[in-house]
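Peer 1: I am attaching a structure below and will ask some questions about it afterwards.
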Amino acid sequence: MPEIPVPENPVPDSDELAAILDEAVRAATAVPQLSLRAPLDEDEAYAVQSAGVRLRAARGDQVVGVKLGFTSKAKAEQMGVADVIVGVLHQSMEVADEGTLDVDTMIHPRIEPEVAFRLGAAVDPHADPDSDADIVAAAVEVAPAMEIIDSRYENFKFSLADVVADNTSAAAYVIGLWRPLAQTLDELDLAALEVALSVDGTEAARGSSADILGDPLLALAAVKRMAREHGLELPAGSVILAGAATAAVPLEAGVTVTADLAGLGRVSLRTGGGAA
Ligand code: OOG
Ligand code: MG
């Protein structure tokens with residue numbers, strides 16, 4: 001009797017799934033949601049994310065920090081997804097303040113105003129798990145920021161596991177002037193900054209830094225917890241994006257986008273690309 005052939009590896013492993021998303025980035029072409037081909041739980045989704053981080057790192061694209069997603073209601077409602085998620089920022093994603101981002105390298109980018117922190121010292125996410133005192137003390141700088149997200153999925157639609165696997169849609173970020181955090185907290189209520197996002201001078205979104213977990217400083221505790229749960233490191237110098245303060249706005253070619261976080265400062269970028 002001939003042997004019945006057993007299908008080889010019917011469920012793709014995390015490296016294979018990460019390669020699909022990595023290719024989608026490189027080709028600037030959307031792919032179907034991974035969850036449509038195979039069920040993906042949260043741990044598997046983070047395994048795909050870290051396989052993708054390894055692919056980038058192998059190309060010399062260093063990890064520079066982490067970002068939170070869905071820390072604001074506006075974002076969670078916009079995307080229909082509720083839990084806070086964490087992703088990884090790479091060096092190649094950085095755009096200089098007032099710099100130019102070529103949107104032709106992206107699929108369907110959106111932009112959102114954020115608050116950024118920088119760690120002056122390493123934080124061990126496993127040390128003192130019930131306390132955030134270490135990460136709050138380590139966060140020495142704060143800055144206005146914008147994140148450019150670009151889901152690798154068709155129609156920017158995904159499940160929670162899909163978006164985690166897709167490194168939380170992270171695509172690019174721009175950071176304004178860093179300020180010392182301690183001094184800033186003496187002068188400003190970081191939890192009550194008016195946030196406005198404008199495109200070519202016209203307001204496109206408005207919110208408050210309170211929309212980020214009630215207080216962007218609380219993002220630090222969330223980052224420590226998420227790093228512990230999902231195996232991320234927090235070395236000195238890490239950039240932390242606390243999450244968007246408003247819903248994200250589609251990013252077109254040939255515009256200037258500015259985020260104004262009253263009192264903290266402004267940050268802007270221009271977009272290149274479009275039909276030449
Ligand atoms: C996921 C990323 C969410 C934020 O700041 O809430 C995020 C997405 O909306 O595609 O970065
Ligand atoms: Mg974001």
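The values are calculated or read from the model by the stated rules, or taken from the named source; none is laboratory data. Since we're looking at a predicted model, the values are computed, not measured. With ideal geometry, Cβ positions are generated from the backbone for all residues, glycine too; neighbour counts draw on all protein chains shown.
Peer 1: Can you tell which of Val48, Val6, Val66, Val11 is within 16 Å of Ser92 (Cα to Cα) and either buried (at least 17 other Cβ atoms within 10 Å of the Cβ) or modelled with pLDDT under 95 (or both)?
Peer 2: Every option except Val66 fails the conditions.
Peer 1: Identify all residues within region 19-39 that are assigned to a loop (DSSP other than H, G, I, E, B) and at pLDDT 95 or above; write none if there are none.
Peer 2: Ala28, Thr29, Ala30, Pro32, Gln33
Peer 1: When you go through Val103, Val48 one by one, which is the residue that is touching a Leu at 6+ places or on another chain (Cβ under 7 Å) and either within 28 Å of Gly272 (Cα to Cα) or among the aromatic types (Phe, Trp, Tyr) (or both)?
Peer 2: Among Val103, Val48, only Val103 is touching a Leu at 6+ places or on another chain (Cβ under 7 Å) and either within 28 Å of Gly272 (Cα to Cα) or among the aromatic types (Phe, Trp, Tyr) (or both).
Peer 1: Okay, next question. State whether the residues of region 79-86 include one that is within 16 Å of ligand 2 (Cβ to nearest atom), crowded, with 20+ Cβ neighbours inside 10 Å and of a type outside the set (A, V, I, L, M).
Peer 2: No: region 79-86 contains no residue that is within 16 Å of ligand 2 (Cβ to nearest atom), crowded, with 20+ Cβ neighbours inside 10 Å and of a type outside the set (A, V, I, L, M).
Peer 1: Would you list the strands (runs of 3 or more DSSP E) that sit entirely within region 48-114 and hold 2 or more residues that are more than 16 Å from ligand 1 (Cβ to nearest atom) and over 19 Å from Met226 (Cα atoms)?
Peer 2: 99-102
Peer 1: Next question, about the same structure. So which residues in region 150-169 are hydrophobic (A, V, I, L, M, F, W, C), under 21 Å from Arg54 (Cβ atoms) and either within 8 Å of ligand 1 (Cβ to nearest atom) or part of a loop (DSSP other than H, G, I, E, B) (or both)?
Peer 2: Hit for region 150-169 is Val163, nothing else.
Peer 1: Six or more apart or on different chains, Cβ atoms under 7 Å: show the pairs whose first residue is in region 172-197 and over 29 Å from Asp102 (Cβ atoms) and whose second is of a type in the set (Asp, Glu) and not in a strand (DSSP E or B).
Peer 2: Pairs that qualify, where the first residue is over 29 Å from Asp102 (Cβ atoms) and the partner is of a type in the set (Asp, Glu) and not in a strand (DSSP E or B), are Leu190/Asp215; Ala191/Asp215.
Peer 1: Given the residues Asn167, Asn155, which is the only one that is crowded, with 23+ Cβ neighbours inside 10 Å and in contact (Cβ under 8 Å) with a residue 60 or more places away in the chain?
Peer 2: Asn167
Peer 1: Inspect region 46-63 for any residue being touching a helix residue (DSSP H, G or I) at 6+ places or on another chain (Cβ under 7 Å), touching a residue at least 12 places away in the same chain (Cβ under 8 Å) and closer than 27 Å to Ala191 by Cβ and give the result as yes or no.
Peer 2: no
Peer 1: Of all residues in region 207-255 being of a type in the set (S, T, N, Q) and touching a helix residue (DSSP H, G or I) at 6+ places or on another chain (Cβ under 8 Å), which is nearest to Val140 (Cα to Cα)?
Peer 2: Step by step, filter region 207-255, then rank; the result is Ser209.
Peer 1: Which number in (1) over 15 Å from Ile149 (Cα atoms); (2) over 19 Å from the mean Cα position of the chain (by Cα) marks the one condition that Glu252 misses?
Peer 2: (1)
Peer 1: Also: Looking at Ala127, Ala96, Ala138, Ala143, which is the one that is of a type in the set (A, V, I, L, M, F, W, C), over 27 Å from Asp43 (Cα atoms) and exposed (fewer than 14 other Cβ atoms within 10 Å of the Cβ)?
Peer 2: Exactly one residue qualifies, and that residue is Ala96.
Peer 1: Hey, among Gly254, Gly237, which residue is in contact with a strand residue (DSSP E or B) (Cβ under 8 Å, 6 or more places away or on another chain), free of Cβ contacts under 8 Å to residues at least 24 places away in the same chain, assigned to a loop (DSSP other than H, G, I, E, B) and farther than 27 Å from Gly80 by Cα?
Peer 2: The unique qualifying residue is Gly254.
Peer 1: Take the residues of region 99-156 that are farther than 27 Å from Glu77 by Cα and among the hydroxyl-bearing types (Ser, Thr, Tyr): which is farthest from the chain's Cα centre (by Cα)?
Peer 2: Ser131
Peer 1: Have a look at Ala236, Ala245 and point out the one that is more than 16 Å from the chain's Cα centre (by Cα) and at negative phi.
Peer 2: Being more than 16 Å from the chain's Cα centre (by Cα) and at negative phi holds for just one of Ala236, Ala245, which is Ala236.
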